[in-house]
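Here the structure comes first, spelled out in structure tokens, and everything after it is commentary.
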Amino acid sequence: MATVEQLARRYAHAISHVSNEARVDDSSLVKNLVAHLKQNGRLKLLPHIARELENESARAQARAPKLEVAREEDKESAIKELHKKNVFETKVTVNRTLIRGWRVRTNNTLIDNSAKHSLVELYRNIIH
């Protein structure tokens with residue numbers, strides 16, 4: 001027998017999948033979910049499912065690519081470069097400590113094309 005958390009996680013995963021893949025209207029999705037939960041005597045799962053959906057959303061945001069540019073002017077060229085590498089839909093922030101260029105973090109990968117990175121590498125090579 002599955003626990004409340006396991007059931008909520010399964011429902012949340014199914015809802016996310018249907019919402020993303022089938023492009024179903026959110027209001028009809030919620031209406032059908034509530035009707036399904038009522039019919040099966042599981043309406044008490046609704047707050048747990050909502051919490052799991054929030055957790056899933058937070059995890060997805062954490063996995064989303066994050067682009068940092070040194071200057072506002074670097075944004076367009078960095079986005080073009082990322083599109084060549086099949087990285088889309090990035091959150092862009094300005095980080096002046098990069099000096100020039102950009103860096104992006106996707107999943108567990110960091111692509112650093114900044115002057116700061118180049119200077120640090122130069123420093124490391126000189127010392128060693």
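No lab work stands behind these numbers, since they all come straight from the coordinates. These figures come from a predicted structure and were not determined experimentally. Cβ sites come from the backbone with ideal geometry, for glycine too, and all protein chains shown count toward neighbours.
For region 66-127, the Cα gyration tensor yields ellipsoid semi-axes of 21, 13, 9 Å (square root of five times each eigenvalue, largest first, whole Å).
Across region 112-128, coupling constants 3J(HN,Hα) worked out from phi with the 6.51/-1.76/1.60 Karplus curve, θ = phi - 60°, read 10, 10, 10, 5, 4, 4, 4, 5, 5, 5, 4, 4, 4, 5, 5, 5, 9 Hz, and Gly and Pro carry x. Taking amide hydrogens as placed 1.01 Å from N in the peptide plane, the amide H of residue 114 sits under 5 Å from those of 102, each at least 5 positions away in sequence or on another chain.
Beta bridges assigned by DSSP with both partners in the chain are antiparallel in approximately 70 percent of cases.
Couplings 3J(HN,Hα) of region 23-38, computed from phi: 6, 7, 4, 4, 5, 6, 5, 5, 4, 5, 5, 4, 4, 5, 5, 4 Hz, in residue order, whole Hz [Karplus 6.51 cos²θ - 1.76 cosθ + 1.60, θ = phi - 60°; x for Gly and Pro].
For region 4-62, the fraction of alpha-carbon pairs lying more than 19 Å apart is 25 percent, rounded to a whole number. Fewest-first ordering of 117, 36, 48, 128 by other beta carbons within 10 Å of each residue's beta carbon gives 128, 36, 117, 48.
In the chain, helical runs assigned H by DSSP with n ≥ 4 each contribute -39500 (n - 2.57); averaged across all residues and rounded to the nearest 500, the mean residue ellipticity at 222 nm is -19000 deg cm²/dmol. When only Cα pairs below 8 angstrom with a gap of at least 6 residues are kept, the chain shows a relative contact order of 20 percent.
At 1.567 mPa s and 4 °C, plugging the Kirkwood radius over alpha-carbon pairs of the chain into Stokes-Einstein gives what diffusion coefficient in µm²/s?
72 µm²/s
Of the chymotrypsin sites (Phe, Trp or Tyr not before Pro) found in region 50-128, those in coil by DSSP whose Cβ has at most 11 other Cβ atoms within 10 Å are 88.
Report the net charge of residues surrounding residue 93, where surrounding means a beta-carbon distance below 14 angstrom and charges are Lys +1, Arg +1, Asp -1, Glu -1. Taking every other residue near residue 93 into account, the sum is +4.
Simple spin-label estimate for residue 37 and residue 20 gives 2.1 nm between the two label positions (7 Å along the Cα-to-Cβ direction from each Cα).
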